[in-house]
1. Could you tell me whether any residue of region B:280-288 is surrounded by fewer than 20 Cβ atoms within 10 Å (Cβ to Cβ) and either of a type in the set (Lys, Arg) or at pLDDT below 95 (or both)?
2. What is the residue count in region B:357-383 for residues that are in a strand (DSSP E or B) and hydroxyl-bearing (Ser, Thr, Tyr)?
3. Can you give me the number of residues within region B:339-376 that are more than 15 Å from residue B:388 (Cα to Cα), in contact with a His (Cβ under 9 Å, 6 or more places away or on another chain) and not polar (S, T, N, Q)?
4. Just to be sure I understand, how many residues within region B:372-398 are within 9 Å of chain A (Cβ to nearest Cβ) and in contact with a Gly (Cβ under 6 Å, 6 or more places away or on another chain)?
5. Assigned by TED's automatic domain parsing to the domain that holds residue A:158 and farther than 17 Å from residue A:131 by Cβ, is that true of residue A:50?
6. Quick check on region B:399-437: of everything there that is at the interface with chain A (Cβ under 7 Å from one of its Cβ atoms) and farther than 30 Å from residue A:367 by Cβ, which residue is surrounded by the most Cβ atoms within 10 Å (Cβ to Cβ)?
7. For region B:26-76, which positions are closer than 20 Å to residue B:248 by Cβ and of a type in the set (Ser, Thr, Tyr)?
Amino acid sequence: MKEQLQKDFDNIVKNLSLSQKDIEIKKLYLDNFISRGFPNRKEEDWKFSDLNQIIKKNIGELSFYSDYTSTNKVDTSVFVDGLEHNKIVFINGRIEKIDFDYEEKNQIEIIDQSETTNRFNNNNSLLDLNTAFTNKSFKILVKQGYQLKKPLIIYHTTNSNIWSKNINLRLDFEIEKNSSLRLIDLFNDTSEKNFLNIFYNFNLKENAILKNYKVDKFENRNIKYSFNNIDQEKNSISETFILSSGSKFFKNEINCNLRGKYSSAFVNGIFSLNNNKHHEIRSIINHLTENTKSYQLVKSVLEGDSKAVYQGKIFVNSDAQKTDGYQLSKAILLNENSEFNAKPELEIYADDVKCSHGSASGSLNEDSIFYLMSRGLNYQQSRELLINGFLLDVVEKITDSEIKNLIKNMIGIKE
Amino acid sequence: MDNRQKEIDNLKDYKYGFSTDIENTTAPKGLNEDIIKFISNIKKEPKWMLEFRLKAFERFKQLKEPDWQKPKYPKIDYQDLYYYSAPKSMDDKPKSLDELDPKLLETYKKLGIPLQEQARLNGIAVDAVFDSVSVATTFREELTKHGIIFCPISEAIQNHPELVKKYLGSVIPTTDHFFATLNSAVFTDGSFAYIPEGVRCPMELSTYFRINASNTGQFERTLIVADKGSYVSYLEGCTAPMRDENQLHAANVELIALDNAEIKYSTVQNWYPGDKDGKGGIYNFVTKRGLCKGKNSKISWTQVETGSAITWKYPSCILRGDNSVGEFYSIAITNNHQKADTGTKMIHLGKNTKSKIISKGISAGFSDMTYRGLVDISSKATNSNNYTQCDSLLMGNKCGAHTIPYIKNKNSESNIAHEATTSKISDEQLHYCQQRGLSAEEAVGLIVNGFCKEVLQQLPMEFAVEAQKLVGISLEGSVG
């Protein structure tokens, strides 16, 4: 892998017009990655999901070079119907389209950040990989007091032109005082056996609101990792919803720093998995100052030989009095070979707090099925009804009604 | 009221902190094959036992000290420890209590565990372990009548080699983790109990561990085997003198329950916790593991952890037999600069196995407490159940309370439920109690006892009273 990395890196650097300093910084990250490799189960954060093994087993040898000089045709058929929205389109890792047609042009700024910086505080070799190989990183700035009229959908599309490739993406969002952004990440893959490595950074100023919905619905054999860092100032609100279902492997990480008083974070997730899929959500909510709040709800329905992992951590600093932290994970195992692992963690250094977590896993309740069948439903219908109700609970947590309906339609949940 | 105040004053400092001035036989400092041969030799052990130790030592040399735990400690120099220390008077085994060094008798009397016939605690058979040797075991004749073997493990190695050989290392093998393997190589004494088929042990069995010598590591080994259909309740207590240095205590406890047998293991751990500034105290790095080997067997751990500078232990149950049950009840209290990283592991292998975990943690002062637990239901453990509840109480904002559970469910017919909360004593509760005439300290005591009640109820009567007092004392000075 080492030679491949070196070779691909040299190719990438050749195609980009980077300053000598930038190349050196990138080189440093590459060396870091080479010495550490992909994370494996020996690392505590990857205990339940050995990425090194997963890549070896599902992809084999990866190549890290992508030709970003030629454009890809944007297939408009993938666009979401019935919901007016702004778009950013990634095809095979290349930004093809940025379109804020519905917004006032002077309220949104798109900044090209070619300079290599590392703003994430994360002890993670995938970050090294990402920093070494991202070709372009954009920052989207929502100016003070502006609320986007329409949601922004980021299309992550891959097609069959790529094979056994590693794609690295990075986006930066800054939401200024009194502004808000609704964001949907929509994954749409017709490719197979690639590894997507995505880093997002969100910076929420006073009173800012971020709603981020990640939808991985369509069947594909790709391996994905998405890391989201959210920094929050006074009174800001972040809401993250994850629908984790389509990919072969998907790990979503949410790292939320509640730095300002009265800031709050909500993380909700659904795992709906079948056939051998393996998905994970890892959330870390850092309560760093007083009067902050966090709420997390993750529900899983596991069929086939699938495996879901939830690692959630609530950290409370000694200054963070009056913290309210809550976390609940529930799983239904439908097949004897499905597996649910959880590590709900509390790390607390302040005394005047209310923190709790709960985790439960088990089979569908036979009594409930009996009840429904005795009222005339067949087994299949009763089962569907129960699972529907179980998942609806999480979907109902979505605060934006337009997007809630969109997601309900996508997963086919009926009310 | 006055009496109670006096009692509290008496107990305010660590009342077991005295040391006994006694002449010792010690092994030379250091850890090597010669020391292990020395220990084996002085215990007049058969050859297989020495081989067991040397095999463990071979393995130990390849192991690295773990460092994933939350409480960090300065590096221990394993070559700078004494691995064997025993009162000189024990060199020739005293035949009866009359021959026992009066100083030893006095020590145990002071600790509240009188060994003499007339003063013995009723209904509790005690094995008293002093540094590296067991000095006396009471009620042995009575127990022999029922066919129960209860003696120091060094005696069992000589008198019941077939039992020891069969079960020693069967739950904690010599190839286990760093401290367990160290113990397998250098363990000195401990208790052995065997309850024969169908016997319900008529009294509580108990071991009292006392560290006296300085610069010594205490490594005892306890092995309890409950044969088919038997029942035993076992208690463990421990204290040590107040010293400025940190002392290492790395014990191994193995429990084996065969078909329909039940073992109840209770610990009141009160090692010296160090002074107010965190100087001194015991490092309590203990491996406790129970194997529910037979069908319908049950192992229940109850622990009250108030002492030690650092507590690092996870009493575990391996539920191999079908329908077996594992339970874990724990109260852990840390004050001043104490640190604890404790919890349990429930490993479900058999069908219809059940486990229950109730853990209560209280931290005050500058202390730090972690509950770390594992519930693992394997794919073959159909129709198994686990229920876990971990509650933490924080007093002050200089201390920490953490919960790190690992939950693995590989069986769709099995259910796991886990709950955890962290909070402080609410002002409303305090106000209510104070309004009714209790002082702030009394009110906290009352609330804390209520918080711990679920676990305290699991302790045998004699221990429950002591434990309740201990809970109060450990939190002394943490309010206000």
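The values are calculated or read from the model by the stated rules, or taken from the named source; none is laboratory data. Remember, it's a predicted structure, so these values are computed and weren't measured experimentally. Note that we place each Cβ from the backbone using ideal geometry, even for glycine, and neighbour counts take in every protein chain shown.
1. Looking through region B:280-288, at least one residue is surrounded by fewer than 20 Cβ atoms within 10 Å (Cβ to Cβ) and either of a type in the set (Lys, Arg) or at pLDDT below 95 (or both).
2. Residues in region B:357-383 being in a strand (DSSP E or B) and hydroxyl-bearing (Ser, Thr, Tyr): 4 in total.
3. Qualifying residue count, region B:339-376: 5.
4. Residues that pass the stated criteria total 1.
5. Against the criterion (assigned by TED's automatic domain parsing to the domain that holds residue A:158 and farther than 17 Å from residue A:131 by Cβ), residue A:50 qualifies.
6. B:401
7. Hits for region B:26-76 are B:26, B:73.
Residue by residue, here is whether (1) in a loop (DSSP other than H, G, I, E, B); (2) more than 9 Å from every other protein chain (Cβ to nearest Cβ); (3) of a type in the set (Lys, Arg) holds:
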{"residue": "A:290", "(1), (2), (3)": "yes, yes, no"}
{"residue": "A:304", "(1), (2), (3)": "yes, yes, no"}
{"residue": "A:322", "(1), (2), (3)": "yes, yes, yes"}
{"residue": "A:325", "(1), (2), (3)": "no, no, no"}
{"residue": "A:331", "(1), (2), (3)": "no, no, no"}
